[in-house]
Amino acid sequence: MKRIVLCILTAGVTAIAAAQTGAAPSAAPAAGATGGFSGPIAIINSQRLALESAPGKEAYGRLKKVSDSKKEELDRVEKEARDLVQKLNDQGQSMPADKREALEKQADDRQKAWKRMQEDAQKDLQEAERKEMGSLEGRIGPIVKDFFKEKRYAVVLDSRAGIIYADEATDVTDEVLKRINTTVALPKPAGATGAAAPKPAAGTAAVRPTPVPKKR
């Protein structure tokens, strides 16, 4: 179960999925139709559990805030580096040698700082993702496991694993989402006194590298 949840989180951090609500599918086939297994077989879309469940959306909302903050900081430093390079290109030839050298060093320092910040941002995002994965596993993992045990499934397959064919009636994703959303209590925002927690964002975006300005 932990492996399933961790995999879906890793895939979901770089994707934004709109939450969808559907009717619960029919029950999984009876034991006699499972090819010799001692119980019914079920199919589940594990990625949807992370992207569409309330705690999953909450986790991705937090990750998106971290990502947006890092991107804003990176964009600021990149702009500073570009402006210095542009000034050097426009005015460098007419500057005294000492001032031109000082400007070249300043531009080079900003570019190096941007590269370091980019590496640090990626590490910070990975660490934030790791923590969110562990937290989400702890919140929804037991609920999903209890659901499977309650239904006495002999085998549960992940639809993302490349199943060639499965009857739609075996897909229990909507049922599991409903169970998660009606079982997990979302934490209240800081300072709230009985107010409902705000609806979190649907996904998160990764910080994307931007080309480093080159010194001419």
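Worth pointing out:
- Between Ala169 and Ser69, the contour length at 0.36 nm per residue exceeds the alpha carbon distance by 31.7 nm.
- Tensor-based shape of segment 84-138 (alpha-carbon gyration tensor, a/c under 1.5 rounded, otherwise prolate or oblate): prolate
- Of all accessible heavy-atom area on segment 112-180, the percent that carbon and sulfur account for (1.4 Å): 48
- Pairwise label distance in nanometres, Lys79 with Gln106, each label 7 Å out on the Cα-Cβ vector: 1.8
- Cubic angstrom per residue, convex hull over Cα atoms of segment 50-132: 71
- Each residue, Ala154 and Ala113, gets one label point 7 Å from its Cα in the Cβ direction; the gap between the two is 6.5 nm.
- Converting phi to 3J(HN,Hα) with the Karplus coefficients 6.51, -1.76 and 1.60 and the offset θ = phi - 60°, segment 139-156 yields 8, 9, x, x, 5, 5, 4, 5, 4, 4, 5, 4, 7, 6, 6, 7, 9, 10 Hz in sequence order, with x at every glycine or proline.
- Volume of the Cα convex hull of segment 97-188, divided per residue and given in Å³: 173
- 5 angstrom amide H check on Ile43, placed H, neighbours 5+ away: Leu157, Asp171, Val172
- Modelled FRET efficiency - R0 35 Å, Asp146 with Gln122, Cβ distances, 0.05 increments: 0.45
The values are calculated or read from the model by the stated rules, or taken from the named source; none is laboratory data. None of the values given here were measured: they were computed from a predicted structure. All Cβ positions, glycine included, derive from the backbone under ideal geometry; neighbour counts span all protein chains shown. Calculation scope for accessible area: heavy atoms of the full protein, side chains included, ligands and nucleic acids excluded. Shrake-Rupley method; radii C 1.70, N 1.55, O 1.52, S 1.80 Å.
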